[in-house]
Amino acid sequence: MPAVSIASRSYVSIPATPPQTGQVTARLSTLDRFLPVWILTAMVTGLLLGRLVPGIGPALDSVKVANVSLPIAVGLLVMMYPVLAKVRYNETSKVVADRKLMVTSLVLNWVAAPAFMFALAWIFLPDLPEYRTGLIIVGLARCIAMVMIWNDLACGDREAAAVLVAINSVFQVLAFGALGWFYLQVLPGWLGLETTSVEFSFWAITFSVLIFLGIPLLAGFLTRTFGEKAKGRDWYEGTFLPKLGPWALYGLLFTIVLLFALQGDEITSNPLDVARIALPLLVYFVVVFSVGMLLGKILNLGYPRTTTLAFTAAGNNFELAIAVAIGTYGVTSGQALAGVVGPLIEVPVLVALVYVALWAQKKYWPSAAPASPEMTNR
């Protein structure tokens, strides 16, 4: 099967031998290689729109879906659907038997990583409660899609990544609202910290998750089920997903344009705030990835599954974080801005971590076997 780009967010053929680090970016399409540039361009475009079209705010808010303006709601659903159409929902049993991997992944994803982001948010943004809340929401949104490309570029275990992505997808629908309530109201109260504003509602977050994750999750599941049944997996992943996948990026960029059009005054007035949001995100990615690699080495998971563990723990679902922040706090909120800054930082940092993973393979797993023929030919 031919390689598929980040924009398509599908599966990438793993070579028989690990790629050299200089080949990593060469394997990405032009669209993917310059993804941070497109995000920056979308931000600038949004800022210009906000300046040149002063009535854009009332126009966007004239029609709403789940407390979100209709154009933005459409953008959110468009960027989520291709992501979830990629997940292999019927293959969870193949990796679930690896209890060390499963338990470690669940603890990293749903206990350690959210708690670490909570700590970083309070350490770096004690005086900016909206951005702090936005970062905590980002920490709760576990990666369910783009992690596949980083995992494949680093020669991780694709099957394990697919299973962990599927589990994270379902778990977010069931637990996101409860975890949001715990980290935004319960835990701060226990620690004597300021709780989030009265705008927070357990049911508001749960409702946003059900709309902006539940609907595309159901659509993605049905698309894969009927698509594979009608045409087969090779056609679905080799032909259909590459055509559908770029719409996730289009939806993300469209949403970013509108968000920045609405937040232009706040952003241009406080440029240092964006930098303050970016710093804890950078620390988060590096530390969580490093912990995942270390645990995999200690538990003797082998290089492929260790890499998968590290990337699935470090990555975050910024699409969902943006959707929840908008649905709960509004499009002009600081919480939404924190989510928007996320993908700008995630892409270059995780590309760099692919290089780190390949270096670690040479140093700590020198005798690691190359990818199996089954994985290579998939």
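The values are calculated or read from the model by the stated rules, or taken from the named source; none is laboratory data. Being a predicted model, the structure only gives us computed values, none of them experimental. No Cβ is skipped: glycine too gets one built from the backbone with ideal geometry, and neighbour counts run over all protein chains shown.
Per-residue answers, yes or no, for (1) farther than 25 Å from Trp247 by Cα; (2) at pLDDT below 80:
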{"site": "Trp181", "(1), (2)": "yes, no"}
{"site": "Val186", "(1), (2)": "yes, no"}
{"site": "Glu194", "(1), (2)": "yes, no"}
{"site": "Ala204", "(1), (2)": "yes, yes"}
{"site": "Ser208", "(1), (2)": "no, yes"}
{"site": "Gly214", "(1), (2)": "no, no"}
{"site": "Gly220", "(1), (2)": "no, no"}
{"site": "Arg233", "(1), (2)": "no, no"}
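If you go through region 34-56 and keep only what is β-branched (Val, Ile, Thr) and under 27 Å from the mean Cα position of the chain (by Cα), you end up with Val37, Ile39, Thr41, Val44, Thr45. Just a yes or no: is a residue in region 74-95 in contact with a Pro (Cβ under 6 Å, 6 or more places away or on another chain), part of a helix (DSSP H, G or I), among the small types (Gly, Ala, Ser) and modelled with pLDDT of 75 or more? No, the conditions are met nowhere in region 74-95. Please work out which residue is nearest to Leu193 (Cα to Cα), limiting yourself to region 122-139 and to residues that are surrounded by fewer than 22 Cβ atoms within 10 Å (Cβ to Cβ) and touching a residue at least 12 places away in the same chain (Cβ under 8 Å). Ranking the candidates gives Trp122 first. Among the residues of region 303-314, those identified as among the β-branched types (Val, Ile, Thr) and over 23 Å from Tyr81 (Cβ atoms) are Thr306, Thr307, Thr308.
Among the residues of region 145-164, those identified as out of contact with any Asp or Glu (no Cβ under 9 Å at 6 or more places or on another chain) and not in a helix (DSSP H, G or I) are Ala154, Cys155, Gly156, Asp157.
Only one residue in Val331, Val349, Val286, Val341 is among the aliphatic types (A, V, I, L, M) and modelled with pLDDT under 80. Which one? One residue alone meets the criteria, Val331.
Go through region 136-173 and give me each residue that's farther than 21 Å from Leu101 by Cβ, modelled with pLDDT of 80 or more and over 13 Å from the mean Cα position of the chain (by Cα). Selection gives Ile136 alone. Within region 294-312, track down each residue that is assigned to a helix (DSSP H, G or I), more than 19 Å from the chain's Cα centre (by Cα) and among the aliphatic types (A, V, I, L, M). Result: Leu294, Leu295, Ile298.
Which of the following residues is under 17 Å from Tyr81 (Cβ atoms) and polar (S, T, N, Q): Asn300, Asn317, Asn270? So that I can check it myself, show each step before the final result.
Values: Asn300 fails: under 17 Å from Tyr81 (Cβ atoms); Asn270 fails: under 17 Å from Tyr81 (Cβ atoms).
Of Asn300, Asn317, Asn270, the one residue that is under 17 Å from Tyr81 (Cβ atoms) and polar (S, T, N, Q) is Asn317.
Scanning region 93-121 for residues that are more than 17 Å from Arg142 (Cα to Cα) and either among the hydroxyl-bearing types (Ser, Thr, Tyr) or touching a residue at least 40 places away in the same chain (Cβ under 8 Å) (or both) yields Ser93, Lys94, Val95, Val96, Asp98, Lys100. Note on region 237-263: residues that are of a type in the set (Ser, Thr, Tyr) and either surrounded by fewer than 22 Cβ atoms within 10 Å (Cβ to Cβ) or not in a helix (DSSP H, G or I) (or both) total 2.
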